[in-house]
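What follows is a single structure, written as structure tokens, with notes after it.
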Amino acid sequence: MYLKRYLFTLVIYYLPYALLVRWVDGNGAQPGEAHAVAHTIMGLLYAVMSLNLVVFRPQARFAFESWTHRTLRWLMYLTLYIGLVLLPALLLLSHDSGMFRIILPVPALLFLGMLFSPVEKEDPDEREVKKVLADDGPRRWLTYYGLYLAVPFAGGLLIAMLVPEPFTLRALTLFSLSVVGMALWMLYRLTVARPNIRFASLTRGQRWKRFWIHAALYLALIFVLPRALEILFGHGPAMDTWLMLPLLASAAYGPDMLNAALRIRPKKPKLRPETEDERL
């Protein structure tokens with residue numbers, strides 16, 4: 001049962017945090033400095049705890065056979081912690097803002113995502129049908145596209161609000177590279193880790209081949225196309241916002257992406273009216 005393990009994890013995380021704050025504060029540090037030191041140390045502890053919960057000792061429903069799949073899941077939770085907990089807390093504390101306290105419950109939600117396992121039992125056949133529908137449905141790649149649009153907007157807004165001006169350019173550069181990594185992770189999920197049902201029979205090597213093709217197209221879209229447009233027309237607009245949509249659809253459905261993604265069915269041929277002789 002995940003609940004006991006979850007409560008134990010919360011104690012292991014929040015109790016050292018409280019003790020660290022009191023210890024650093026007791027050594028003459030300012031309250032903000034004490035919390036900043038505690039957050040930095042707890043970031044290292046979170047990395048170790050999440051590595052154990054996601055990679056080495058995951059819940060049964062998350063015990064994926066592929067270590068690559070487990071490691072990518074751990075990197076996702078580590079990135080979420082850095083972006084939602086560590087960096088915002090340190091930035092707010094550097095400005096002597098008490099608003100960092102609203103970030104304290106976020107690790108509890110992240111740990112819940114690592115450990116949550118429904119207790120109800122499903123029929124194996126019904127579970128397999130749900131998996132097939134999830135793999136074959138259009139929702140996943142559309143969700144990824146929505147994230148690809150929303151994450152840069154939200155991240156750029158947070159950086160503009162929270163990061164001091166001398167560090168804004170560096171923060172935007174690092175964030176842009178993380179968005180590129182997120183897009184490559186999406187393509188990996190669609191082509192290798194959880195491909196569409198029509199590609200389930202492909203070998204591992206064939207799946208990786210599809211991934212590298214789409215990854216090369218994406219990297220060219222990000223780094224090569226704007227430069228080429230700048231040379232040809234004097235300016236290089238970012239085209240990835242639009243062209244990422246067909247790229248994700250292609251990763252999910254292959255060459256038949258339009259019909260499969262939109263569920264377009266071929267028209268039934270119209271039957272020729274029967275003559276009197278044919279009717280007889």
Which members of the stretch 93-110 meet the condition of being loosely packed, with under 13 Cβ neighbours inside 10 Å and of a type in the set (Phe, Trp, Tyr)? none
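Table: residues versus (1) open to solvent by less than 60 Å² (accessible area, probe 1.4 Å); (2) closer than 24 Å to GLY181 by Cα; (3) part of a loop (DSSP other than H, G, I, E, B); (4) at pLDDT 70 or above.
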position	(1), (2), (3), (4)
ILE222	yes, yes, no, yes
ALA228	yes, yes, no, yes
ILE231	no, no, no, yes
ALA238	no, yes, yes, yes
TRP242	no, yes, no, yes
ALA252	yes, yes, no, yes
ALA260	yes, no, no, no
ARG265	no, no, yes, no
Taking the stretch 151-179 on its own, how many of its residues are crowded, with 16+ Cβ neighbours inside 10 Å and closer than 12 Å to LEU91 by Cβ? 5
Candidate set from the stretch 193-220 (those that are closer than 19 Å to PHE64 by Cα and open to solvent by 60 Å² or more (accessible area, probe 1.4 Å)); member that is modelled with the lowest pLDDT: ILE197
Condition set open to solvent by less than 80 Å² (accessible area, probe 1.4 Å) and at pLDDT 80 or above, scope the stretch 111-129, selection farthest from GLU165 (Cα to Cα): answer is LEU115
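Yes/no matrix, rows are residues, columns are (1) of a type in the set (S, T, N, Q); (2) outside any helix (DSSP H, G or I); (3) within 15 Å of THR143 (Cα to Cα):
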| residue | (1), (2), (3) |
| --- | --- |
| THR173 | yes, no, no |
| MET182 | no, no, yes |
| MET186 | no, no, yes |
| VAL192 | no, no, no |
| ARG198 | no, no, no |
| SER201 | yes, yes, no |
| ARG210 | no, no, no |
Pick out the one residue from ALA36, ALA18 that is surrounded by 13 or more Cβ atoms within 10 Å (Cβ to Cβ) and either touching a residue at least 40 places away in the same chain (Cβ under 8 Å) or closer than 22 Å to LEU91 by Cα (or both). ALA36
Return the total of residues in the stretch 52-66 being over 17 Å from the mean Cα position of the chain (by Cα) and in contact (Cβ under 8 Å) with a residue 12 or more places away in the chain. 6
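The values are calculated or read from the model by the stated rules, or taken from the named source; none is laboratory data. Note that this is a predicted model, so its numbers are computed, not measured. Glycine gets a Cβ as well: all are built from the backbone with ideal geometry, and neighbour counts include every protein chain shown. Ligands, DNA and RNA are excluded from the accessible area calculation, which covers all protein heavy atoms including side chains. Shrake-Rupley method; radii C 1.70, N 1.55, O 1.52, S 1.80 Å.
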